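First up is the structure itself, then whatever we jot down about it.
The values are calculated or read from the model by the stated rules, or taken from the named source; none is laboratory data. This one's a predicted model, so the numbers in the text were calculated from it and none came from an experiment. Methodologically, a virtual Cβ is constructed for each residue, glycine included, from the backbone with ideal geometry; neighbour enumeration extends over all protein chains shown.
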Amino acid sequence: MPTEPRAPRLAVLIDADNASPKIAAGLFAEIAQIGEASVRRIYGDFSSPRLKSWSDILAKHAIQAHQSFAYTTGKNASDIALVIDAMDLLHTGRFDGFCLVSSDSDFTALAARIREQGVDVYGFGEQKTPEAFRQACRRFIYTENLVPEAPAVDEPERPDSRPASVARSPSTAVPLLRRAIAQLDEDDGWVSLGGVGQRLSTLAPDFDPRTFGQAKLVTLVEKAGAFEVRRPAGGRVQIRLKTPR
């Protein structure tokens, strides 16, 4: 019997100072759709009460903590440790992709270097994440899309904590959808929804229907109001721009 193809092997590296423990369950559920989280490491000063919420859930998600004591203010030892480990893991050649969990633009160069090696990088961070880091990743997932609506219990407030962003209106996705369709446009204007999805991931690594309050791309297209959708019998969903009447 033919063997099933092996799921992509992923290294998940979490910056505890720039990621909330509220995302943990959603994070690993999302990563499971990409591949297997073979390595799960988190970096920070876990002697600090500020990271207690992470410490409480490490075992539940099989995350290995890497302690980085903050000996000097202004120097982020945990960031350096994460980068060193990422390069060590990269050069083993054992991984098909890296998941960098942080909203810190300091990891832009790391993401770019990993991709130079022909290895995919998936970024996970808040919507405030600088564009440079988002664009350096093959795909970037906003962590606001990974958390349940109810706030986590007993999580202390962080100085940099911000409320989850309100979902954008589907109509704000129209310019990007138009651009993707224009690059695939056939003579009759109809293009496959799957092709649009692939082109969107190239045009905007951070594109996600959930950012616009929709679970699926087809629902977003329908709600955006600027496109026609057809479902041929036995065929794939197709879309095109609405023609003026």
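For the reader, a short list of remarks on this structure follows.
- Meets criteria (at pLDDT below 90 and not β-branched (Val, Ile, Thr)) for Glu144: no
- One residue stands out in the range 179-204 among those that are closer than 20 Å to Arg134 by Cβ and not hydrophobic (A, V, I, L, M, F, W, C): the one that is nearest to the chain's Cα centre (by Cα), namely Ser201.
- Of all residues in the range 87-106 being farther than 16 Å from Phe133 by Cα and of a type in the set (A, V, I, L, M), the one that is surrounded by the fewest Cβ atoms within 10 Å (Cβ to Cβ): Met87
- Selected residue (criterion: surrounded by the most Cβ atoms within 10 Å (Cβ to Cβ)) from residues of the range 195-238 that are β-branched (Val, Ile, Thr) and without any contact (Cβ under 8 Å) to a residue 60 or more places away in the chain: Val221
- Residue count for the range 173-194, restricted to those that are surrounded by 12 or more Cβ atoms within 10 Å (Cβ to Cβ) and either basic (Lys, Arg) or within 30 Å of Pro148 (Cα to Cα) (or both): 8.
- From the list Arg230, Arg199, Arg178, Arg139, the lone residue that is outside the structural domain of Cys99 (by TED's automatic domain parsing), at pLDDT 85 or above, of a type outside the set (Gly, Ala, Ser) and in contact with a helix residue (DSSP H, G or I) (Cβ under 8 Å, 6 or more places away or on another chain) is Arg199.
- Some residue of the range 131-150 being basic (Lys, Arg), under 18 Å from Asp206 (Cα atoms) and outside any helix (DSSP H, G or I): yes
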